[in-house]
Amino acid sequence: MAKSKILVVDDDPLVCQSLKELLTLEGYAVDTATDGTVALNKVKGDHFHLILSDIQMPGLNGLDLLKELKGLEPDAPVIFITGHGHIDGAVEAIKLGAYDYITKPIDDLRLRLTIQRALEQQQLLKSYRDLKKRLRPWEAQSTITFRDPKMAQLLELVHTIADTQATVLITGESGTGKSMLAKYIHEHSERKSKPFVKISCGSLSETLLESELFGHVKGAFTGAIRDKKGKFEEADGGTIFLDDINSASLNLQTKLLRVLQEKCIQRVGGSTDIHVDVRIICATNTPLQEEVARERFREDLYYRVNVVGLFIPPLRERLADVAPLAEHFIKRFNLLHRRRIKGLAKSALQILLRHDWPGNVRELENVMEQAVILSPGEYVVPESLPPYLREKPVTMPPVTDNLTLDEALALAERHILQETLERCRWNRQEAARCLGISRTTLFNKMRRFQLFGHRRGRGRPSSQTREPRPAS
């Protein structure tokens, strides 16, 4: 098991050294700093499980250090060392979020027990958060459900570029999952322990968006009563996701270009350059090349944000993902709504497969939540689905009166096979996945119904022609 890392902060080098020797013997990995500023720089460059600090120090004192640490290492407990004459300061520190304090002269046993208790509490808190994520997956979804080969190729590219610093442009229709893909990239990068901050450029006015992104100084505009950090500063060290980047004004685009080129920002109303280390991921449902041609998007910014381009296909072009996504949403909404739906009936799946999904995955998610809530039994059935899906007409060849039941069923099966093959662009592997059968079974059925060589608009049997009797 890796050693817990402790940072000791005291302006007396002898105290630092003696505490380092004591805690090293206890099995901890210990680093030291002789003032608050040095301590902050060490925390920015490394991860510590606990900070042990003097409260009375020249320059950046213990209370000011604590405030800064809460933004850098919010989960690391802070224990203060103080003299008997400064107990009030230690009590104030606890009110501000410190774990505990120890008075001088230091009792070695109490120090060891306090550190042990703080680290155990930290571990329990981490375990609780992990358990909460597992029990509430609708709040923290870090995986992407797919079965379609096109999504497999996309995620292979994502894993190739995730751990780089490259700027990414995600394109795709509304509801395809651009925000989830952006977070997936962040969580599979070296920045995953730092913030992931997202903002929609299309939901705010130009003035408000600029303030949200870059922050502002006190008095910059009416209502600016104090300095405020922007999203870029909040995301420092991590990733910022700019959705609907095509909605950004030309003036804002110029400022975004400066961030990409110089890695610094200026707050609204301020003149001080603030360095930010942020990876930028952008998304749009409008082709930016067209916006560049119409002079609504800067060409130089387009090339800077499109270092790596990722396209998410619409759901209608990856029907093989409908079934696994539907099953995934059933499990999620079972937990949320305390239901026990076991799965999706084949008759309901057929209805889902014939829909074009203009709202893509977001629409499917909404449909499945409603289905889980309304399903009367253990499975999602057609009656559980919204009326607009059930009432969509299914075009079937007319059936003549003199067909036997076996012939009528064969006619319906042939029609479903051909419709699925056409929607999957005659990709047999994808069609087999959509139908929930093996490629061998699909091949045999295609041979049985003479579907080889058929394409859209060709080879469809006449409505007046009886289907051949299936071989027994």
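Values quoted throughout were computed directly from the atomic coordinates according to the rules given, and no laboratory measurement underlies them. No experiment lies behind these values; they were computed from the predicted model shown. We place every Cβ from the backbone using ideal geometry, glycine too, and count neighbours over all the protein chains shown.
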Problem set entry | Neighbour count of at most 13 Cβ within 10 Å plus DSSP loop: longest GluC sites (Glu not before Pro)-free window in the chain | 1-138
For this session: Would you be so kind as to identify which of Leu352, Pro376, Ala320 lies farthest towards the positive end of the dipole of segment 316-390, taking Lys and Arg as +1 and Asp and Glu as -1 on Cβ and the Cα centre as origin?
Result: Pro376
Exercise. Using Cα atoms only, what is the angle between the long axis of helix 405-423 and the major principal axis of the chain, expressed in degrees (0 to 90) to the nearest 10?
Worked result: 50
Problem set entry | Computed [θ] at 222 nm, helices only, for the chain once each DSSP H run of length n ≥ 4 contributes -39500 (n - 2.57) | -13500 deg cm²/dmol
For this session: Using label points projected 7 Å from each Cα along Cα→Cβ, tell me how many nm separate Gln17 and Arg339, to one decimal.
Result: 6.9
Problem set entry | Unsatisfied cross-links (Cα-Cα over 22 Å) in the set Lys126/Lys194; Lys178/Lys255; Lys42/Lys104 | Lys178/Lys255; Lys42/Lys104
For this session: Run the dipole for the chain about the Cα centre, Lys and Arg Cβ at +1, Asp and Glu Cβ at -1, nothing else charged, and hand back the magnitude in debye, nearest 20.
Result: 2380
Exercise. How large is the dipole of segment 316-390 about the Cα centre if only Lys and Arg carry +1 and Asp and Glu carry -1, each at its Cβ, rounded to the nearest 20 debye?
Worked result: 220
For this session: Give me the angle, in degrees from 0 to 90, between the Cα long axis of helix 322-337 and the longest principal axis of the Cα atoms of the chain, rounded to the nearest 10.
Result: 50
Seminar exercise, completed: Sparse-neighbourhood loop hits (chymotrypsin sites (Phe, Trp or Tyr not before Pro), segment 28-109; DSSP loop; Cβ within 10 Å at most 12 others) -> none
Problem set entry | Pair Ile225, Leu125: separation of 7 Å Cα→Cβ label points (nm) | 3.0
Seminar exercise, completed: At 37 °C in a medium of viscosity 0.692 mPa s, the chain has a Stokes-Einstein diffusion coefficient, with Rh taken as the Kirkwood radius over alpha carbon pairs, in µm² per second, of 121
Seminar exercise, completed: Ignoring trypsin sites (Lys or Arg not before Pro) buried by more than 10 other Cβ within 10 Å or outside DSSP loops, the longest site-free run in the chain is 1-225
